[in-house]
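Enquirer: Have a look at this one.
The values are calculated or read from the model by the stated rules, or taken from the named source; none is laboratory data. Model, not experiment: these values are computed from the prediction. Cβ placement follows ideal geometry from the backbone for every residue including glycine, while neighbour counts extend to all protein chains displayed.
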Amino acid sequence: MKKPNDVIIRSVTKVAVVIIFTFAINLFISGHHFPGGGFIGGLVFASGLILMFLTFDMETVRHNIPVDFKVVAAVGVLIAVLTGVGAMVLDAPFLSQSFGYFELPIFGKTELATAVIFDVGVALAVIGTSMTIIMSIGDDR
Amino acid sequence: MSSWLHIMIFIPFLFAIGVPYIYKQLTPRIHTGWFVLSIPLVIFAYLFTYLPNISEGNTFTETVPWIPAYNINFITYMDGLSLILGLLISGIGTLVILYSIFYLSKHREALNNFYVYLLIFMGAMLGLVFSDNIFVLYVFWETTSISSFLLIAYWYEREKSRYGAQKSMLITIFGGLAMLAGFIMLSMITDTYSIREMISNSADLSTHSLFIPAMILLLIGAFTKSAQFPFSIWLPDAMEAPTPISAYLHSATMVKAGIYLVARMTPIFGGAAEWFWLVSGVGLITLLYGSVNAVRQTDLKALLAYSTISQLGLIMSLLGLGSASLYYGVGTDSSVYAMAIFAAIFHLVNHSTFKGCLFMVVGIIDHETGTRDIRRLGGLMHLMPISFTLTVIGSFAMAGLPPFNGFLSKEMFFTAVLNVSTMSVFNADALGIAIPIIAWIASVFTFIYSMILVFKTFRGKNKPEKLGRVVHEAPIGMLLSPLVLGSLVIIIFFFPNVLSQYLIKPAMNAVLPTLADTGEMKVKISAWHGWNTELFMTFGVIGLGTLLYIYLKKWYRIYHLYPENFTLNSVYDLCLVKMESLSKFITERYMTGFIRDYLIYIFSFIILVVGGAMWFFDGFSFDPSKDAPANMFEAGLMTAMIITAITVLFSKTRLTSIVAVGALGFLVSFFFVLFRAPDLALTQLVVETVTTALFLLCFYHLPQLRKEVSRIQFKAVNAVISIGVGVVVTLVALSANGNRLFESISSFYENSYELAGAKNIVNSILVDFRGIDTMLEILVLCIAGIGVYTLIKVRLGGGDKNEEAK
């Protein structure tokens, strides 16, 4: 493969990826009350990762982010299932979610919901799966 | 809520999860079997505590709701019959595991697989005998088939093991499915899923039109499991399993499941002539078939397999003969035939003891000499005296000689067949006399193969040159289990009434509940009845059997007269081959290997089913009155979308197509923005981005897009299908928009802030209201991801090794 001439995309990516990741996390957290959520947040995060993979060499990124995305996906599903089981332990039907308002030191009065934990599972599953698929296909040469 | 009985059933399953860890941690320091041993031992001890209660005629019922919406509850029910089976399962299970510790090397064998499968089997078998709900029973029934399959194929690298495993699986699962159909019919007739309730409403059952079909289907299930003729062919091939398994599953427990089912169902079906003739007829044929075929076997385990078939036939026929008792209701006539049921249960226990012992001894012989071939064995008596003694005990019990327990049940069997020959119902007077004759001939053959087992193996000349190793007695650990069983064989002969009092009578009361209520049955087993016909029949068996054994060489040739091609095995093999080629033929018609063909199937199916259904039910109706007017901006978007879609059709390169499809997707997200669905718009945008990236990656692997030259006909068909799908989908969408069949459910979700504490309805639907949908979706997503990974990355054998190394 000839050496690609990609100074612009490399420079842009370095900045853009940070913005994308921040945006993804913002989307994820705001999901409770505003547009967003685990699925979209996860996908945006994944697209940021994909941008990195496209820009830099796959080996380089893999070296810097040594994560097995299959495991990420599995952990995500596991978290989602376990939140459901957790409800059963507390003698509520499977997958019951609950929420409450708490006084936290810095944030003040904050709403905490178990649905967020479930959403973390969704996000991880989405990131893990999409990255697994894309990396498998991209790696296959 | 849950009970100890339920916990007992699930303990083996739970322990099975832990076995691989124990194996991994402690092999080769300690044999995994030592840990597993505790499970059946505890269960046996636990069940033993029920004995006094059960012998007083009590029964126990515990209910745990499983799928209460469908009235499927996991009800455990314990009476005498299930207790006997439970004690056999756990008792012989203990002995078999103890035996296997010495039989299977901890250095060479995959013990984790062995014990996991064994525990699954044990749990399933316990569940089978203790569950009252027919569907729960069915689930456990099939689980035993599957675990048996896994255990037969334990040495899966051997072709014969795989063949035997497949055969047993095909036959027993087929029978299980037939049984399921029978169960469904039975539940339709009686309107209940509980066996006990079925029994209590069984009075006016026999007039129902489904009575006979249900009976036949149930019996197919029982006959396949208990290796009755003509389904018996799987059992000899199942002998490829390790010997502890043959002793446990294929002689003592699993094959008794069919017998258990027949006994359990006797109060429902018993008294019908069809039941009487089917069960006792098939049993007798099996008895004869098994014993005649056992004589010709040269492999010791095959001999025992055929003898097991024959003994199972004996028990089955006794159950059939005893069912006549229900015809007579209550009275002296009734208790005469009820003795057959008693004999069946008695022989069931006896058979488990002496056959288990024999299997273990044969395993020892195999282990020590390296062969099970009678032609290569001989003269082992002085080398293996303990094994010899045990074989004598087991074989003589099997042949029905005193002072072993087999003698008692054999005499009772003769009594039962003699009683039936004088019976006046069920047209028995015509055929009745044949029954004792068949039974007697089969007993002669049983005697012959029992003698073969003892004398061809242990007497005669020692043939060390054929064995190639020095033979000596097995270690004591290995002999322990058969010793226990062998001593039971003798103990039962001398104290049969203890067993009868505590176990067999309660079990018989479970089979014949009406008789039990009257308390008329007085059973006393004794070895000496005076000079009666039964005793003379036994003398005849011994006399003729000895003669035939001595002159075996002279008449052995008649076995060769039977042509090889007409055996049941060749029929089975032929069916298998034909079925494979037929299904291959059919599959090759439509599985062409071209994605475009598959897409044609899918799309034409959509047109036919969706379009057809809509047309058939007059579903196409449009109501544009409520539609909002389209403004300029929307019209512009529409035009852009149409242009991009047409671009895909006419693009010359793949890159153009991908970009056009991507653009189409982004334009759709604009519509979501216009209609104020920010969540959808966001999702669509991101999904589109990721899929375009994915397309670009795949693009790398695809060949250059060529101008396709194809016949106009081919193109016309494609055009019709694609236009058809487009038209159908558009029409369906328009009709759906124009009609409201149901109340909108969105009002429920409007309260999301109160119900779920979230202002975003979409997200609270995803994670809270419909959380289980989302959970399953991400599960599917994860599976799909792993699927893609497997297809691309994992290449088993012959793959590109370099890639894996990288």
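Enquirer: Being surrounded by 20 or more Cβ atoms within 10 Å (Cβ to Cβ) and out of contact with any Gly (no Cβ under 9 Å at 6 or more places or on another chain) is the filter here, so list the residues in the stretch B:151-160 that pass it.
Expert: Within the stretch B:151-160, B:L151, B:Y154 qualify.
Enquirer: With the structure loaded, tell me whether B:E777 is in a helix (DSSP H, G or I) and facing another protein chain (nearest Cβ under 9 Å) or whether it fails that test.
Expert: When the stated conditions are applied, B:E777 passes them.
Enquirer: Ok, one more. Among the candidates B:I364, B:I345, single out the residue that is of a type in the set (V, I, T), within 21 Å of B:S387 (Cα to Cα) and either without any contact (Cβ under 8 Å) to a residue 12 or more places away in the chain or crowded, with 24+ Cβ neighbours inside 10 Å (or both).
Expert: B:I364
Enquirer: Which residue, of B:G313, B:G290, B:G281, B:G271, is surrounded by fewer than 24 Cβ atoms within 10 Å (Cβ to Cβ), assigned to a helix (DSSP H, G or I) and small (G, A, S)?
Expert: From the options B:G313, B:G290, B:G281, B:G271, the qualifying one is B:G281.
Enquirer: Still on this structure, please answer the following. When the residues of the stretch B:795-806 are narrowed to those that are of a type outside the set (D, E, K, R) and loosely packed, with under 10 Cβ neighbours inside 10 Å, which ends up modelled with the highest pLDDT?
Expert: B:L796
Enquirer: Still on this structure: Those residues that are buried (at least 17 other Cβ atoms within 10 Å of the Cβ) and not in a helix (DSSP H, G or I), I need them from the stretch A:23-49; list them, please.
Expert: Answer for the stretch A:23-49, where residues must be buried (at least 17 other Cβ atoms within 10 Å of the Cβ) and not in a helix (DSSP H, G or I): A:G31, A:H32, A:P35, A:G36, A:G37.
Enquirer: Among the listed residues A:L124, A:L90, A:L82, A:L112, identify the single one that is surrounded by 13 or more Cβ atoms within 10 Å (Cβ to Cβ) and either under 16 Å from B:L694 (Cβ atoms) or more than 10 Å from every other protein chain (Cβ to nearest Cβ) (or both).
Expert: Only one candidate passes the filter, namely A:L82.
Enquirer: Being buried (at least 23 other Cβ atoms within 10 Å of the Cβ), hydroxyl-bearing (S, T, Y) and in a helix (DSSP H, G or I): is that true of B:S325 here?
Expert: yes
Enquirer: Can you tell me which residue in the stretch B:375-400 is nearest to B:N532 (Cα to Cα), limited to those that are aliphatic (A, V, I, L, M) and surrounded by fewer than 19 Cβ atoms within 10 Å (Cβ to Cβ)?
Expert: Looking at residues that are aliphatic (A, V, I, L, M) and surrounded by fewer than 19 Cβ atoms within 10 Å (Cβ to Cβ), I get B:I386.
Enquirer: Now, a different point. Could you look through the stretch A:55-88, keep only residues that are over 26 Å from B:I783 (Cβ atoms) and without any contact (Cβ under 8 Å) to a residue 24 or more places away in the chain, and pick out the one that is nearest to the chain's Cα centre (by Cα)?
Expert: A:N64
Enquirer: Within the stretch A:100-109, does at least one residue satisfy the condition of being within 21 Å of the chain's Cα centre (by Cα) and more than 8 Å from every other protein chain (Cβ to nearest Cβ)?
Expert: No, the conditions are met nowhere in the stretch A:100-109.
Enquirer: With the requirement that a residue be free of Cβ contacts under 8 Å to residues at least 12 places away in the same chain, aliphatic (A, V, I, L, M) and part of a helix (DSSP H, G or I), what does the stretch B:586-633 give you?
Expert: Listed by number, the residues that qualify are B:I586, B:I595, B:L599, B:I602, B:L608, B:V609, B:A613, B:M632.
Enquirer: For the condition in contact with a Lys or Arg (Cβ under 8 Å, 6 or more places away or on another chain) and either of a type outside the set (G, A, S) or farther than 28 Å from B:S226 by Cβ (or both), what is the one hit in B:G379, B:G394?
Expert: B:G379
Enquirer: Go through the stretch B:24-42 and count every residue that is buried (at least 17 other Cβ atoms within 10 Å of the Cβ), modelled with pLDDT under 85 and either part of a helix (DSSP H, G or I) or basic (K, R) (or both).
Expert: Of the residues in that region, 1 qualify.
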